1. Could you work out the relative contact order of the range A:1-63, using alpha carbon pairs under 8 angstrom and six or more residues apart, expressed as a whole percent?
2. Quick check for me: using +1 on Lys/Arg Cβ and -1 on Asp/Glu Cβ, what's the dipole size of the range A:128-252 about its Cα centre, in debye to the nearest 20?
3. Between the range A:197-242 and the range A:131-154, how many Å separate their Cα centres?
4. About the Cα centre, and with charges only on the beta carbon of Lys, Arg (+1) and Asp, Glu (-1), how big is the dipole of the range A:68-150? Nearest 20 debye, please.
5. Cross-link partners among lysines for A:K379, C-alpha distance below 16 Å, same-chain residues fewer than 8 apart left out?
6. Return the inverse of the average 1/r over all pairs of distinct C-alpha atoms in the protein assembly as shown, which is the Kirkwood hydrodynamic radius, in Å to one decimal.
7. Collect residues whose amide H, placed 1.01 Å from N in the peptide plane, falls under 5 Å from the amide H of A:R19; neighbours closer than 5 in sequence don't count.
8. Against the longest alpha carbon principal axis of chain A, how many degrees, from 0 to 90 and to the nearest 10, is the axis of helix A:315-327 turned?
Amino acid sequence: MTEPLRGSYRDPSGYVFERSGTLYRCVRYSYAEDYDALLSTGLYRELADAGLLVAHEEAASVNAGVADAYRVLRPERVPFISYPYEWCFGQLRAAALCTLAIQRRALAHGMVLKDSSAYNVQFRGALPVFIDSLSFQRYRPGVPWVAYRQFCEHFLAPLVLIARVDPTLGRILRIHLDGIPLDVTARVLGGRAFRSWGSLVHILLHGRSVRRHAGATAARVRKAAVSAASLRGLIDDLERCVRACDWTPGRTEWAEYDRTHGYSTDAQTAKRQLVTDYLRRSGAQVVWDLGANTGEYSRLALDTAARAVAFDADVAAVERNYRRQAEVGDTRLLPLVMDLTDPSPALGFNLRERLSLAERGPADVVLALALIHHLGLGKNVPFALMAESLAQLGRFLIIEFVPKHDPQAQRLLAAREDVFTDYTLEVFERSFGVWYRRLDRQPVPGTDRILFLLERTP
Amino acid sequence: MYIDPQAGSIIFQVIVAGLLGAVFTLKRWWGYVVGALGSLRSWLFGHG
């Protein structure tokens, strides 16, 4: 038997495995009738054509190595796997609406989603896509939607918390991998739970019911019946509640950075040209832009690269970047929330369910523009640790050295003692020299900054 | 079913979905009525 991917163990209907760099999904015999229904009802074709579900082809010649393999599928691969705790508000909302749109279409074809995990959604650029083709089962009249609570905990709870309490609360999903429990959400919301129908009904009262009926007998649950019209009404209402959740990224220090960075137009043009030259020289196809802010240089990278991932710790900056890409239906640039001093670790059972950031690489090129002063002076990260960390992420590194006397660096030192005696160009070059060889170095005209093109040594 | 929907969630869903289903049905019914009245008006008085 080919070992399933470590995160693919919950659903007995099948599992995902990788062989020779190709991703496969094994469908077990226990799921055969539902899988056949997915195809015969036309639901699969409709969802795949609409871009809501990843397309797959049946790989008849591939042996999964298990006796109960009904089919082996070769799904289209999503370029970069991201997780809900790395998404901004807009991405979480788009993923929720994608799930509900699929549920509505499934019902119209006599099927239903048997789970509604946020981990079943991935992004191709700004566009959400459902990746689990085994999440469907035939609808049995009267049977309630078993994934209702899961939907509320994976999607509605974080959306409501972000919209009503604080935009950084989406990161709570990192400690609640199975969704934020309804009672926890209600406690954080407090009186704000009464301000909207969605948080009052689907979070507060729903959570109370879960707690109150925790000891209900199986017979009572089996008697519960929900008509098809009621199920449609519930899906409509959930969609209304998701759409009613809104959050406007306010002014934060870094979301405004593209207007406040202090570069003259000439300096900015020169820097863009230098970065473009370095990207061309590296021949990069996959670019990770660290500290990408609203994605100005990530978009520039797409002139030469096939795709880019834009990471930033500022949720408002990521939200703006995402909204800009979503407006044009982009499929090549993925903005994500990531604090580089606390990047996503490996998580879940046995620390193998959700991959760390480094495990999802390496990229061809890592961009670290106007970043090192934030890490070095803002977060006290020494150059040696910075170099070691960046070397895990990609082969080439385009990095901008920002001297301590730079106005942006001085902003970081305005209210604190300068204890950073090792924050010098010499220590920078020595530290990065341990991991990289220097291919080029150019001053950024009109500034005292220096741009480096480095290649990781074997 | 491989996820635990939790008994309290199922029981709650029966109540909430029942209410929402009634609203859903009423809205559809009202849509039919409005549509039928519109057709009747067109048939009686013509367009414009």
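Just so it is clear, none of the values below were taken in a lab; they were calculated from the coordinates. What you see is a predicted model; the values in this text were computed from it and never measured. Please note: Cβ atoms are built from the backbone with ideal geometry, for glycine as well, and neighbour counts cover all protein chains shown.
1. 17
2. Using only the charged Cβ atoms, the result is roughly 400 debye.
3. So the two Cα centres are separated by 13 Å.
4. The dipole of the range A:68-150 has a size of about 260 debye.
5. Within the straight-line cut-off, A:K379 pairs with A:K404.
6. On the way: mean 1/r = 0.0397 Å⁻¹.
Taking every pair of different Cα atoms in the protein assembly as shown, averaging 1/r and inverting gives 25.2 Å.
7. Hits under the 5 Å cutoff: A:Y24.
8. 70
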